[in-house]
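All of the numbers you see were taken from the coordinates with simple rules; none came from a lab. Keep in mind the model is a prediction, meaning the values are calculated, not measured. Glycine gets a Cβ as well: all are built from the backbone with ideal geometry, and neighbour counts include every protein chain shown.
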Amino acid sequence: MKFQAKNILGVAALIGFNLTPIADELPDRQQALPSVAKQAEHLYIESAALADIPAGEFGDKVRLGYQLFVNTQQLRDKHVGNELNCVNCHLNAGNKANASPLWGAYFAYPAYRKKNDKVNSFEERLQGCFTYSMNGKAPESGSKELVALSAYSYWLGMSGLMLQHNVAGPVPELSDSELVKGAKRDDFILPEAISSKMDQNALAQLPGRGYPAVPKAEQAYSPERGAKVYQAHCQSCHGKDGQGQMIAGVAALPPLWGPQSYNWGAGMHRVGTAADFIYENMPLGKSVQLTPQQAWDVSAYINSQERPQDPRFKGQVTDTQKQYHQHDGYYGKTISGKVLGSASSANFPKK
Amino acid sequence: MNKMITAAIFVSSALSIQVSASVPDASPKELQQTVPAAAQVCLSCHGAQGQGIDLAGPKLAGLSSAYMMQQIKLFQSGSRQNPLMQPMSMTVQGDNIKVVADYFASQSVDKINLHYRGDKVVIADPAEKIAYQGDWSRDLPACFSCHGPSGVGAEQFPRLAGQQASYLKTQLEAWQSGTRKGDADNMMGNVASKLTAAEIDQLAQYFASLK
């Protein structure tokens, strides 16, 4: 039955029915999150307190960005197709060094990408998060949601830089069209006290951005060893079946695989990216530090489970794998006799 | 000394209840409506509906069966140290552990207005701020991350909302001092160790006030 349904979709795609409108608009690659050397703590910028977000229209956008970031489920069925919230991977509401902070990303966009000879704006990067990590349907360019998330990211970064460089006064307000571009552009206005000390490239590589690279492990990563790490250190919060913990209707503890988690196109499905994240940030609050080997192994275990389909899938797992998965992931690989990607759940399912 | 006397009184009153209460030999559903025999011993401190009796025993209604079963076992093994609960927990053994836990887990709690992360951006109350935002300058996660909206909890994460302030305070102190253990990787001990005495007071009052 399932097989038939897939065939029908495949035929429909061939004869040009637009049954999968999401897939047609997607960028060719989801760029890997930066995996960088960890830098000394005193170098990290520290954003101003949320209480310092100014009153008024601009401040309202910043506040809405914060609210969407920590409770992304407000957009469930509109733009979000799983139980995740942005804050699940970007800890401390996107304001934690070494947990892919928003301020690190904001100053690294727009980014030129050789692959598609295209300059990607910050809002396009955010759209990628909705399509892949949230297994959803991205808000349109210039939408209220993308403006708000951009405003919040900008405010975190700019207030942090201003504090670091002793620049007094409020964070300069930007228009919506400027906000969604990102800060790595010639016409981006920076206080002189900052621009005199940091050029665009320095700002695009703020210490604490991305996830610090986990040290290489002695042995090749192994999902089998990872299962044991998972049982010992992860399952008490994320559940035996990786489905997290729902409390009062929200996934307080996020699901790590299955239909309610990130899809096969998300950066986190890469073994290296998740290993970086886990080694630096898990278990939450760091009651224990895993070894690099454990981080690699448990990442392999988590990422060798089924999850929602890669939205760029056009009917053949081998095609999607060949085109988009020439990296350290399990899509298209056979685990316990099953080809991952062949039984993936739907993209952007309604709740 | 006082504690010992109090304990003795509680034990004797528990016994008297045991004698007078009806002990039904019925289906599990009916059992939930009357107190199972194995749970009689709990009532004098925790209340017949697990509603808790201030300074005697915390509220059990609102906690999951899985959580309470685990706690009984932790008291028995000494991972959770408490002069009263260690001997009391020993009186519940085998299948009765689940019977007792199921009984209290089936007791109702008052509905509260749930607050979700992001409902407020700026939080003035220091305890509420820790509850929803944590303090990552010292790697202190928000209580919300495990105990959920308004700290209502689920499964192995106990409900904090409406719990007695005195109990919440002694528990945070017990996690700090290591007289309470038994979770994975000492997660809660790690969190509690980062709290100041003032924050413990504030958090205890805050969650107790969520009714």
* Asked: Rg/Rh for region A:114-193: what does it come to with C-alpha atoms and Rh from Kirkwood?
  -> 1.02
* Asked: Fewest to most neighbouring Cβ within 10 Å: what's the order for B:MET90, B:MET85?
  -> B:MET90, B:MET85
* Roughly how tilted is helix A:292-302, in degrees to the nearest 10 and between 0 and 90, from the longest Cα axis of chain A? -> 60
* Asked: Hey, what do the phi angles of region A:75-83 turn into as Karplus ³J(HN,Hα) couplings, whole Hz, using 6.51/-1.76/1.60 and θ = phi - 60°, x for Gly and Pro?
  -> 9, 4, 6, 9, 9, 10, x, 9, 8
* Would you mind working out the magnitude of the charge dipole of the protein assembly as shown relative to its Cα centre, with +1 at each Lys and Arg C-beta and -1 at each Asp and Glu C-beta, to the nearest 20 Debye? => 1040
* When Lys and Arg each count +1 and Asp and Glu each count -1, what net charge do the other residues less than 15 Å away from A:ALA51, Cβ to Cβ, add up to? -> -3
* To do: Identify which of A:PRO212, A:PRO255, A:PRO172 has the largest mean-square fluctuation in a Gaussian network model of chain A, with springs joining Cα atoms closer than 10 Å.
  => A:PRO172
* Structure fact -> Shielding of A:68-79 by other chains, given as the mean Cβ count within 10 Å, works out to 2
* Asked: Taking the Cβ-Cβ separation of A:SER141 and B:GLN205 as r and a Förster radius of 45 Å, what is the calculated FRET efficiency to the nearest 0.05?
  -> 0.45
* To do: Take the Cα radius of gyration of region A:223-339 and divide it by 2.2 N^0.38 Å, with N its residue count; two decimals is plenty.
  => 1.07
* To do: Translational diffusion coefficient, Stokes-Einstein: compute it for region A:171-236 using the Kirkwood radius over C-alpha pairs as Rh, at 10 °C and 1.306 mPa s, and state it as an integer in µm² s⁻¹.
  => 97
* To do: Give me the Kirkwood hydrodynamic radius of the protein assembly as shown, using the inverse of the mean 1/r over all pairs of distinct Cα atoms, in Å to one decimal.
  => 25.7
* When chain A is treated as a GNM, springs tying every alpha-carbon pair under 10 Å, which of A:PHE130, A:PHE188, A:PHE69 comes out with the largest mean-square fluctuation? -> A:PHE188
* **Volume per residue that the Cα convex hull of region A:31-212 spans, once the total is divided by residue count, Å³** => 115
* Asked: Which parts of region B:98-132 would a label at B:ALA198 reach, counting a residue when its backbone N lies under 19 Å from a point 7 Å out along Cα-to-Cβ?
  -> B:123-132
* Would you be so kind as to identify which of A:VAL271, A:TYR324, A:MET246 lies farthest towards the positive end of the dipole of region A:237-346, taking Lys and Arg as +1 and Asp and Glu as -1 on Cβ and the Cα centre as origin? => A:TYR324
* **For a label point 7 Å along the Cα-to-beta-carbon line of A:ALA37, residues of region A:179-209 with backbone N under 15 Å** => A:205-209
* Student exercise, region B:126-208 dipole from Lys, Arg, Asp, Glu Cβ charges, in Debye to nearest 20 -> 100
* To do: Principal axes first, then extents: for the Cα atoms of region A:139-274, list largest minus smallest coordinate on each axis, whole Å, largest first.
  => 54, 40, 26
* Asked: Can you pull the three principal axis extents for the Cα set of region A:272-351, in Å, largest first?
  -> 43, 30, 22
* To do: Starting from the Cα of B:SER77, move 7 Å in the Cα-to-Cβ direction to define the label point; list residues of region B:141-183 whose amide nitrogen is under 13 Å from there.
  => B:181-183
* **Farthest toward positive dipole pole in region A:31-212 [+1 Lys/Arg, -1 Asp/Glu at C-beta], among A:LEU50, A:SER35, A:HIS90** => A:SER35
* Asked: Would you list B:LEU203, B:LEU140, A:LEU163 from fewest to most Cβ contacts within 10 Å?
  -> A:LEU163, B:LEU140, B:LEU203
* Asked: Once all Cα-Cα distances of region B:126-208 are split into 5 Å bins that start at 0, what whole-number percent is in each one?
  -> 3, 16, 27, 32, 19, 3
